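The block underneath contains the structure these notes are about, expressed in structure tokens.
The values are calculated or read from the model by the stated rules, or taken from the named source; none is laboratory data. If you're wondering where the values come from, they're calculated on a predicted model, not measured in any experiment. So basically every Cβ, Gly included, is an ideal-geometry build from the backbone, and we count neighbours across all protein chains shown. Side chains included, ligands, DNA and RNA excluded: accessible areas come from the protein's heavy atoms. Shrake-Rupley method; radii C 1.70, N 1.55, O 1.52, S 1.80 Å.
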Amino acid sequence: GESVGLHLPTLSVQEGDNSIINCAYSNSASDYFIWYKQESGKGPQFIIDIRSNMDKRQGQRVTVLLNKTVKHLSLQIAATQPGDSAVYFCAENARGTSYGKLTFGQGTILTVHP
Amino acid sequence: DVKVTQSSRYLVKRTGEKVFLECVQDMDHENMFWYRQDPGLGLRLIYFSYDVKMKEKGDIPEGYSVSREKKERFSLILESASTNQTSMYLCASSLVPNYGYTFGSGTRLTVV
């Protein structure tokens, strides 16, 4: 039968706009964070990561910001394109977690309109 | 780039069948993981392996088993498939703890 669960947050933007996707975490021992992109019918794809000794990291068109005080992570996508439409989710790993298991967020659906 | 290959993109199996999902990675990663992904429930860890012949249960191991006879291959086994195991199954690998995972493309399994 159909699963019943949380509806994913959605973000709808126009092509060329900047997008900001947010993620909150609760474990103060988390020290490594990753953003993944998952297109429909495909496996998650690594976008960018950041360690807790940094508060900002930039990639190509993407920036990740980490605010450890409020346990918040964001992904900024510059000049969003239709090909950026996907589900984006954050993942975290805490110091001492057995074998580096990641904890995943639920995800945000990004839709980019041409 | 690391490649994680899942043997099937789509599978349809009958209730009660024994199902094997295969995953192979080509970069000598120590850790391998099996997740299932369902709408609204996110990624849930079924089993993981940190070395050949070593395995640990994840959050939802019931109805599943795994096999890791070689470092590069991690198999997920559904002992007797049931309709509630219809899902997207994702395999992942990582080099060491505190590193990101590389995921395979996923296997969409339908049990009828």
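Miscellaneous remarks
- Looking across the range A:4-61, just one residue is among the small types (G, A, S), surrounded by 15 or more Cβ atoms within 10 Å (Cβ to Cβ) and closer than 16 Å to A:G83 by Cβ, and that is A:S19.
- Wholly within the range A:7-114, strands (runs of 3 or more DSSP E) carrying at least 2 residues that are over 13 Å from the mean Cα position of the chain (by Cα) and within 10 Å of another protein chain (Cβ to nearest Cβ): A:86-94
- Filter result for B:Y10 (within 15 Å of the chain's Cα centre (by Cα) and either open to solvent by less than 30 Å² (accessible area, probe 1.4 Å) or away from every other protein chain (no Cβ under 11 Å) (or both)): no
- In summary, A:K101 fulfils each of the numbered conditions (1) of a type in the set (D, E, K, R); (2) surrounded by 17 or more Cβ atoms within 10 Å (Cβ to Cβ); (3) in contact (Cβ under 8 Å) with a residue 12 or more places away in the chain with the single exception of condition (3).
- Among residues of the range A:68-86, those that are out of contact with any Lys or Arg (no Cβ under 8 Å at 6 or more places or on another chain) and loosely packed, with under 12 Cβ neighbours inside 10 Å, counted: 4
- Residues that are more than 20 Å from A:G43 (Cα to Cα) and either more than 10 Å from chain A (Cβ to nearest Cβ) or not acidic (D, E) (or both), drawn from the range B:41-58: B:Y50, B:V52, B:K53, B:M54, B:K55, B:K57
- Residue in the range B:18-40 that is touching a Lys or Arg at 6+ places or on another chain (Cβ under 8 Å) and within 8 Å of another protein chain (Cβ to nearest Cβ) present: yes
- Flag if B:L11 is of a type in the set (A, V, I, L, M), touching a helix residue (DSSP H, G or I) at 6+ places or on another chain (Cβ under 9 Å), over 20 Å from B:Y101 (Cβ atoms) and touching a residue at least 24 places away in the same chain (Cβ under 8 Å): no
- The criterion of at least 1 residues that are hydrophobic (A, V, I, L, M, F, W, C) and crowded, with 17+ Cβ neighbours inside 10 Å is met by the following strands (runs of 3 or more DSSP E) wholly inside the range B:25-112: B:31-38, B:42-51, B:64-70, B:73-78, B:87-94, B:107-111.
- Selection of the range B:80-101 for residues being facing chain A (nearest Cβ under 7 Å), touching an Asp or Glu at 6+ places or on another chain (Cβ under 9 Å) and hydroxyl-bearing (S, T, Y) yields B:S94, B:Y99.
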